[in-house]
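Undergrad: This is the structure I have questions about; it appears just below.
The values are calculated or read from the model by the stated rules, or taken from the named source; none is laboratory data. The shown structure was predicted, so the numbers you read here are calculated from the model rather than taken from an experiment. In this analysis, Cβ positions are derived from the backbone assuming ideal geometry, glycine residues included, and neighbour counts consider all displayed protein chains. Remember, those area values only see protein heavy atoms, side chains included, never the ligands or the DNA or RNA. Shrake-Rupley method; radii C 1.70, N 1.55, O 1.52, S 1.80 Å.
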Amino acid sequence: MSTPADHAGVPAVQPWSPYPVQDWSALPIDPMGAPPVDPDLVDPTSVDPTSVDPTWAPPTDPRRWWVPLVVLAVLGSLLGVGAYAGSATTPTSLAAAAGYLPVDGSAIYQRVETTRELRTDVKVEVTENALLQGPSGLLSTDATFGGLILGEVADESSTIQLLRTTTGLVNDTVATPQTTRVYRVNDDITLLGESSADAAYLYSPALLELPADVTDGQSWTSAGSAGPKLDYASRFRAQTAPGDCLAVTGQIRYTNKAGAQSRVDGVTRTWCRGRGLVATDRSFADVRIRATEVAAPEPESVSTADAPISWADPKTWTAKTMSTVSIDPTLGQGPMLGTTAPLAPVRTTSGLVLRTLYSPGDLVATTPKTSQEWTSVWRVHPGGTILTTTGFGNVVVVTTTLRQVVAYSDTGVRLWQRELDELAPAAPVRISDTAMVLVDLSGQARRLELGTGTQTWVHDVGADVNLAPVAGSGVVVVMDRGGTTTALELDSGRERWHLSLLGKGAVVLGDTVSVLQDQTVHGVRIADGSRRWLRPVVGNVTAMVGLGDRVVVATKDSTVLIGADGMVRQRLAPYLMLTLTADHVVGWGTGTAEVFDRAGTVLAQRPIPAITVVYEARPAVVLPDGVLLANQDWTFEEWSSR
């Protein structure tokens, strides 16, 4: 039986082909094409030749299906628990208790009143909430604390879902130990452990905070060990509270292992739907501690100005390797855990070095502990995944996948946060001692005050932007992916000029902005956008910075120092990265690092490990008397004259 045709030799219903086919009957049968058609049962013209018969059995794969799973498992163990995929997540439980969990990255500010006899002390705290899962969630704390919790729930470590809260003082002049609590939230909400500057509790079985099916008027109990020296027994009752909340009231009785009563805590905790634990009232002996939610306080004055760094004599530097440890205030010291993200560390003026964790999206501050070790000081969790981290004096600004920009002080306190229209994959740029400009992916350029997050102006450049802007001489220059470079007035955000120039980097020096397009540097007058000069460069450009009155352009073939007139003043070796100070640059080659000055004179050379793609994305941190080269783990190599 033949198939009807629209014209000679061409079937009315044809399979798809990437090339013209004149006679389909001459081609071999397609095993995934149309099934054989019985003309006595089915009208052949109604059959789609590209369809698959639904009565067929699923196709079998001759390959061993379990082999890639084994390979993935091995790779996962090699990469470490810190890189556990999907560590920041929303719990999948449909239990009633899950409705009282907070949003990942949310923050609660509380006024805390501590009364002892006739004296009451008042302070303000901020608590950040992190929704995590798996081993990386369990170990997203100091190693000793997290390791003890992991030991209790090792059999469910791959499926466990967690709420981790970190609490710190607001407006404190120095960083104080945070209070960390870890809850299991798969169905019930149970407290696995809490650690503070005063004490640590490890609950086994976990202390039941909210049953999975919690309802108004419900009562429940739990009991077990609270650590190596204490046992606990709790009794709670839930009552509906205003604001779609539950007030959980009861007591926790602590006894030593011999059975003698140690302490009885009267407790009221208020959980609100979608917001988590917002208030507590706790009393024991003659002490009462009340924490009530308040609006985010006005940020205290935090220094946002950078301290210029100018090295004295790089030839005197010596190298030493340093490790990082974590220290729980109660449980002691352990190794630093977690997989660092391929983002450059940043340094505050006060001397902290901050690194970003790939999983679970934390920002961790570290400081020197001894001449050979650093230690973690605090960790914060803005929510989602951190895209950029930038230091401005003693303020650190991050952008995240939640379309937010969040600022922290060097004491680990969340100063402010602001919603963005789109993701901001490019870091903000300083425009003064107190302000910055941030451009998101949609092309919205915003001037924000560093201390408060106040928005002074916003300007839409009209195209997507994924490069950091540059600023100087009264303008901020934005390079968009639509092929336009735009100069905006720093004070007003008004457009001064725009050019058809697909910028891939820029430097502002004096009255000229040098814009890189392809392998040519365009010297443009800041006043009116007219071109002053063009300077071709040889090789793939890897970095571009301004040093004194010269533009340094590094390529994989060579590095050139270009003067204000567009002329090449000096040629140096090829570099993959450039680290800048006021008077010097470190050029990182494939096997050697060189320190040179404004004139292009090489002052010092040092061998370095072979550069890899990941390593290349993590330049050194500038120190007052050297550089700190961060490795892919929690070790550093310091070059300094100390």
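Undergrad: Please specify each residue of the range 227-252 satisfying the condition of being open to solvent by 20 Å² or more (accessible area, probe 1.4 Å), part of a strand (DSSP E or B) and closer than 13 Å to Tyr203 by Cβ.
TA: Leu230, Asp231, Ala233
Undergrad: Name the pairs: first residue in the range 446-472 and under 28 Å from Glu300 (Cα atoms) and part of a strand (DSSP E or B), second residue among the small types (Gly, Ala, Ser) and open to solvent by 30 Å² or more (accessible area, probe 1.4 Å), Cβ to Cβ under 7 Å, at least 6 apart or on different chains?
TA: Here the result reads Trp457/Ser492, each pair linking the range 446-472 to a residue that is among the small types (Gly, Ala, Ser) and open to solvent by 30 Å² or more (accessible area, probe 1.4 Å).
Undergrad: Taking the range 499-525 on its own, how many of its residues are open to solvent by 10 Å² or more (accessible area, probe 1.4 Å) and part of a loop (DSSP other than H, G, I, E, B)?
TA: 8
Undergrad: Here are some residues: Thr179, Thr249, Thr221. Which one is without any contact (Cβ under 8 Å) to a residue 40 or more places away in the chain, in contact with a strand residue (DSSP E or B) (Cβ under 7 Å, 6 or more places away or on another chain), farther than 20 Å from Val264 by Cβ and not hydrophobic (A, V, I, L, M, F, W, C)? Break it down into steps so the answer makes sense when it comes.
TA: On the way: Thr249 fails: farther than 20 Å from Val264 by Cβ; Thr221 fails: farther than 20 Å from Val264 by Cβ.
Selected residue: Thr179, the only one of Thr179, Thr249, Thr221 that is without any contact (Cβ under 8 Å) to a residue 40 or more places away in the chain, in contact with a strand residue (DSSP E or B) (Cβ under 7 Å, 6 or more places away or on another chain), farther than 20 Å from Val264 by Cβ and not hydrophobic (A, V, I, L, M, F, W, C).
Undergrad: Hey, Pro135 hits all of (1) open to solvent by 40 Å² or more (accessible area, probe 1.4 Å); (2) at pLDDT below 95; (3) of a type outside the set (Phe, Trp, Tyr); (4) under 23 Å from the mean Cα position of the chain (by Cα) but one; which does it fall short on?
TA: For Pro135, the failing item is (1).
Undergrad: Okay, moving on. Polar (S, T, N, Q), within 19 Å of Val346 (Cβ to Cβ) and in contact with a Lys or Arg (Cβ under 6 Å, 6 or more places away or on another chain): which single residue out of Thr375, Thr385 fits that description? Please lay out each step first, then the result.
TA: Numbers: Thr385 fails: in contact with a Lys or Arg (Cβ under 6 Å, 6 or more places away or on another chain).
One residue alone meets the criteria, Thr375.
Undergrad: Looking at (1) more than 22 Å from Val470 (Cα to Cα); (2) touching a residue at least 12 places away in the same chain (Cβ under 8 Å); (3) of a type in the set (S, T, N, Q), can you tell me which one Thr555 breaks?
TA: Status for Thr555: all satisfied but (1).
Residue by residue, here is whether (1) within 15 Å of the chain's Cα centre (by Cα); (2) of a type in the set (Lys, Arg); (3) in a strand (DSSP E or B) holds:
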position	(1), (2), (3)
Thr356	yes, no, yes
Thr375	no, no, yes
Arg418	no, yes, yes
Ser432	no, no, no
Met436	no, no, yes
Leu441	no, no, no
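Undergrad: Name the residue, out of Gly393, Gly443, Gly451, that is open to solvent by 10 Å² or more (accessible area, probe 1.4 Å) and not polar (S, T, N, Q). So that I can check it myself, show each step before the final result.
TA: Working: Gly393 fails: open to solvent by 10 Å² or more (accessible area, probe 1.4 Å); Gly443 fails: open to solvent by 10 Å² or more (accessible area, probe 1.4 Å).
Being open to solvent by 10 Å² or more (accessible area, probe 1.4 Å) and not polar (S, T, N, Q) holds for just one of Gly393, Gly443, Gly451, which is Gly451.
Undergrad: Another question, then. Val476: out of contact with any Ser or Thr (no Cβ under 7 Å at 6 or more places or on another chain) and open to solvent by less than 30 Å² (accessible area, probe 1.4 Å), yes or no?
TA: On the way: out of contact with any Ser or Thr (no Cβ under 7 Å at 6 or more places or on another chain): yes; open to solvent by less than 30 Å² (accessible area, probe 1.4 Å): yes.
Yes, satisfied.
Undergrad: If you don't mind, another one. Quick check: is even one residue across the range 113-127 under 21 Å from Gly332 (Cα atoms) and in contact with a strand residue (DSSP E or B) (Cβ under 6 Å, 6 or more places away or on another chain)? So that I can check it myself, show each step before the final result.
TA: Residues of the range 113-127 under 21 Å from Gly332 (Cα atoms): none.
No: the range 113-127 contains no residue that is under 21 Å from Gly332 (Cα atoms) and in contact with a strand residue (DSSP E or B) (Cβ under 6 Å, 6 or more places away or on another chain).
Undergrad: OK, next. Among the residues of the range 564-589, write down those that are farther than 20 Å from Ser310 by Cβ and among the charged types (D, E, K, R).
TA: Asp565, Arg569, Arg571
Undergrad: Kindly list, by first and then second residue, each pair from a residue in the range 271-295 that is closer than 12 Å to Ile108 by Cα to a residue that is open to solvent by 80 Å² or more (accessible area, probe 1.4 Å), limited to pairs with Cβ atoms under 6 Å and residues at least 6 apart or on different chains.
TA: Thr292/Arg111; Val294/Arg111
Undergrad: Just for the range 186-226: of the residues that are among the acidic types (Asp, Glu) and in a loop (DSSP other than H, G, I, E, B), which one is nearest to Val248 (Cα to Cα)?
TA: Start the filter on the range 186-226 by keeping residues that are among the acidic types (Asp, Glu), which leaves 187-188, 194, 198, 209, 213, 216.
Then drop every residue that is not in a loop (DSSP other than H, G, I, E, B), which leaves 187-188, 198, 213, 216.
On the way: Asp187: 17, Asp188: 14, Asp198: 24, Asp213: 14, Asp216: 10 Å.
Taking the candidates together, the pick is Asp216.
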